[in-house]
1. Looking only at region 97-130, which residues are more than 17 Å from the chain's Cα centre (by Cα), surrounded by fewer than 18 Cβ atoms within 10 Å (Cβ to Cβ) and not in a helix (DSSP H, G or I)?
2. Restricting the first residue to region 228-242 and requiring it to be closer than 22 Å to residue 44 by Cα, which pairs with a second residue that is within 16 Å of the ligand (Cβ to nearest atom) and at pLDDT below 95 meet a Cβ separation below 8 Å and a spacing of at least six or different chains?
3. Among the residues that make up region 161-177, is at least one of them surrounded by 12 or more Cβ atoms within 10 Å (Cβ to Cβ) and within 16 Å of the ligand (Cβ to nearest atom)?
4. Does at least one position in region 34-43 carry a residue that is within 14 Å of the ligand (Cβ to nearest atom) and either closer than 28 Å to residue 170 by Cβ or modelled with pLDDT of 95 or more (or both)?
5. Please determine, by comparing only the residues of region 192-246 that are surrounded by fewer than 16 Cβ atoms within 10 Å (Cβ to Cβ), within 16 Å of the ligand (Cβ to nearest atom) and more than 27 Å from residue 157 (Cβ to Cβ), which one is modelled with the lowest pLDDT.
6. Could you list all residues from region 55-91 that are within 15 Å of the ligand (Cβ to nearest atom) and at positive phi?
Ligand SMILES: O=C(O)[C@@H](CO)OP(=O)(O)O
């Protein structure tokens, strides 16, 4: 049996302030740190252990991974960071409060920006200081691949090659690997893994800090997927994420 566990980062400062975050590199809140540690404890208690882990270039995911691995005494395992696991780029919405944005543009429009498969917010202007091309951490990424906004479809396009060539491929060597990333980069992975349609993916909202386990047979066919933790609490957390824009 092979397993991949997906873990959305713990609560970030901008989750708490209810702001669109995307590629902005905000830190975890104290609560987010506790969520990350709790995720590590839950994975240990479930008997999970990992040969390798993957995360993004953004500190809320990197730190979540480190806190969780520390709780599992797995600080030593190889970790690969990649920009392809970064959050969906939220374009000019980054930094704006979600409820205020819904009041200004209407909740239907904000729902499309947040959850539709193919609608992207307007891009950051090319010379905006937040354009990833000005950030040294992306200096090795070909300029044409760096987004100034993304739909979930765009996110899928950049995540899938990495998912197939690096994460799935790592199961040749390891039985279990952990991926700590973001609400929408993980929605992109779940869509591909479970074959969720463009229409149905709008209904998926991933809670922070809850391990999501995928089990595969030896031919890497998906056999089962489930969240660790209390079902009722997870349902409430998902509803809270869905309702952030009011
Ligand atoms: O702001 C963001 O980057 C994401 C994740 O926090 O938000 P949303 O859930 O609205 O897609």
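The values are calculated or read from the model by the stated rules, or taken from the named source; none is laboratory data. The shown structure was predicted, so the numbers you read here are calculated from the model rather than taken from an experiment. Every residue, glycine among them, receives a Cβ derived from its backbone with ideal geometry; neighbour counts consider all protein chains shown.
1. Residues satisfying the conditions are 97, 106, 118, 119, 122, 123, 125, 126, 127, 128, 129, 130.
2. none
3. no
4. Scanning region 34-43, I find at least one residue that is within 14 Å of the ligand (Cβ to nearest atom) and either closer than 28 Å to residue 170 by Cβ or modelled with pLDDT of 95 or more (or both), so the answer is yes.
5. Out of the qualifying residues, it is 246.
6. Across region 55-91, the qualifying residue is only 91.
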